[in-house]
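Down below is the structure, laid out as structure tokens.
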Amino acid sequence: MTEPSAGPQPVAETSRPEAAEELAQIRASVVEVLDEQADLRRTHELMVGAPGHDPQLHELLTAELGLLGLVVPEHLGGLGLDVPAATAVIEELGARLVPGALATSLAAILAARALGPSAEPLLARVVAEQLTLASALAEDGAGWDLEQTATRATGTGDEWALTGTKTLVAGAEAARVVLVTARDGGGELGVYAVDLAADGVDVQTHMTLDQTRRLSTVHLREAAATRVDAPGGEGARVLLDHVRAMLALESAAAARACLDLTVEYLKIREQFGRPIGSFQALKHRCADLAVAVAGARATVDHLVTTLHTGAATRSHDAALAKLVCTDTLMTVAAEAIQLHGGIGFTFEHDAHLFFKRAKSAQLLAGSPATVRAEVAALAGL
């Protein structure tokens with residue numbers, strides 16, 4: 001049988017000698033808080049409540065632990081840590097299916113950091129105002145295809161106005177600023193920051209299959225915006241890559257947690273006078289799942305290294321990791337329901353939380369078929 005792990009492990013070394021120790025301390029602090037206040041029983045309670053998340057937990061993680069400023073450069077008021085610091089937090093949140101906007105915020109912050117100097121004013125605001133962010137890319141009819149983006153940006157310099165509708169926006173119900181992909185008058189695609197409390201912005205939040213992650217439709221009608229990427233760049237692609245990276249990180253960690261949950265059950269559930277986990281057929285099924293989880297782990301390890309080093313393969317690696325890790329989570333979650341027997345088929349059981357998150361993650365940022373075709377194209381196949 002596979003032994004339960006101690007949780008997701010650090011994924012990439014950084015350039016500074018003290019970075020590994022800092023990363024371990026950050027992870028330990030986050031784990032301590034989440035273990036006390038964000039178990040799966042709490043998730044069951046939060047996902048059916050009015051806000052859909054725990055504002056007090058969010059305040060503790062952001063204001064007290066300073067997680068929003070982890071990777072914001074020091075000259076902008078942040079801690080100036082490297083990419084693995086943020087990805088480690090995303091993993092821990094994903095392993096526990098924590099509802100809220102912190103994971104989506106960290107992904108958007110990582111994307112903004114990758115955009116360079118043009119996004120520095122926004123990053124400074126993130127720290128000074130404790131801004132939570134969301135990313136808005138999908139549209140009706142276009143899905144996640146950036147080439148079909150129809151939202152329009154009018155203006156110049158620091159003054160822009162956006163008009164359009166964005167769908168499937170994760171974390172918008174708890175965010176204060178949304179990063180929106182839109183086209184200017186010349187047809188150039190860019191990334192713009194919009195305050196969700198601004199005039200001309202309407203957010204409609206929906207309860208979906210995955211109750212642990214609510215999705216919103218954001219309507220923009222001449223909403224004031226600030227461009228956060230440099231003209232002529234690939235800011236929209238950077239944003240999409242980081243959304244996919246977040247889904248991959250969360251899914252790999254959730255797959256590990258779901259497998260651990262299943263293994264623990266097989267150790268205590270008895271049939272014919274002995275734990276069912278001792279039956280060879282179930283051992284083989286768990287071994288296959290452990291191999292799949294290890295593959296997902298290796299995939300995100302490579303992705304984090306890519307994001308950290310700024311490798312040119314970022315888009316390919318993010319798409320591939322999203323595909324591999326979300327599919328792995330779906331496989332593990334579906335097997336978990338089966339291996340838990342009758343209790344696994346009840347909607348109240350934790351296995352269903354992982355199953356629904358898996359399906360949501362598979363479809364967000366591009367369906368499996370779409371992403372698979374994209375990976376092939378990026379690989380030149």
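The values are calculated or read from the model by the stated rules, or taken from the named source; none is laboratory data. Just so it is clear, the structure is predicted and the values come from calculations on it, not from any experiment. Cβ sites come from the backbone with ideal geometry, for glycine too, and all protein chains shown count toward neighbours. SASA here: full protein model, heavy atoms, side chains in, ligands and nucleic acids out. Shrake-Rupley method; radii C 1.70, N 1.55, O 1.52, S 1.80 Å.
Table: residues versus (1) among the charged types (D, E, K, R); (2) assigned to a helix (DSSP H, G or I).
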{"position": "VAL33", "(1), (2)": "no, yes"}
{"position": "ARG41", "(1), (2)": "yes, yes"}
{"position": "GLU45", "(1), (2)": "yes, yes"}
{"position": "HIS58", "(1), (2)": "no, yes"}
{"position": "VAL72", "(1), (2)": "no, no"}
{"position": "GLU91", "(1), (2)": "yes, yes"}
{"position": "VAL98", "(1), (2)": "no, no"}
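Residues in segment 202-245 that are of a type in the set (S, T, N, Q), open to solvent by 10 Å² or more (accessible area, probe 1.4 Å) and either assigned to a strand (DSSP E or B) or over 29 Å from LEU323 (Cα atoms) (or both): GLN204, THR205, THR217, THR226.
The residue that is most open to solvent (accessible area, probe 1.4 Å), among those in segment 357-372 that are within 14 Å of ARG244 (Cβ to Cβ) and among the small types (Gly, Ala, Ser), is SER367.
Pairing residues of segment 46-62 that are hydroxyl-bearing (Ser, Thr, Tyr) with residues that are surrounded by fewer than 19 Cβ atoms within 10 Å (Cβ to Cβ), at Cβ distances under 8 Å and at least 6 apart in sequence or on separate chains, gives THR62/GLN130. Checked against (1) surrounded by 18 or more Cβ atoms within 10 Å (Cβ to Cβ); (2) more than 27 Å from LEU57 (Cα to Cα), ASP199 passes all but condition (1). For the condition farther than 22 Å from GLU264 by Cα, open to solvent by less than 20 Å² (accessible area, probe 1.4 Å) and β-branched (Val, Ile, Thr), VAL304 qualifies. Residue count for segment 113-137 satisfying the condition of being within 15 Å of ALA85 (Cβ to Cβ) and either open to solvent by less than 30 Å² (accessible area, probe 1.4 Å) or part of a loop (DSSP other than H, G, I, E, B) (or both): 2. Screening ASP241 with (1) over 23 Å from the mean Cα position of the chain (by Cα); (2) at pLDDT 95 or above; (3) acidic (Asp, Glu) gives one miss only, at (1). Screening the candidates THR208, THR212 for the property of being within 15 Å of LEU353 (Cα to Cα), under 14 Å from the mean Cα position of the chain (by Cα) and not hydrophobic (A, V, I, L, M, F, W, C) yields one hit, THR212. Can you give me the number of residues within segment 251-296 that are of a type in the set (Val, Ile, Thr) and under 29 Å from LEU323 (Cβ atoms)? Qualifying residue count, segment 251-296: 4. Within segment 144-164, not a single residue is free of Cβ contacts under 8 Å to residues at least 60 places away in the same chain, within 21 Å of LEU363 (Cβ to Cβ), open to solvent by less than 40 Å² (accessible area, probe 1.4 Å) and outside any strand (DSSP E or B).
The condition of being open to solvent by 50 Å² or more (accessible area, probe 1.4 Å) and assigned to a loop (DSSP other than H, G, I, E, B) holds for only one of ALA312, ALA298, ALA281, ALA294, that being ALA312.
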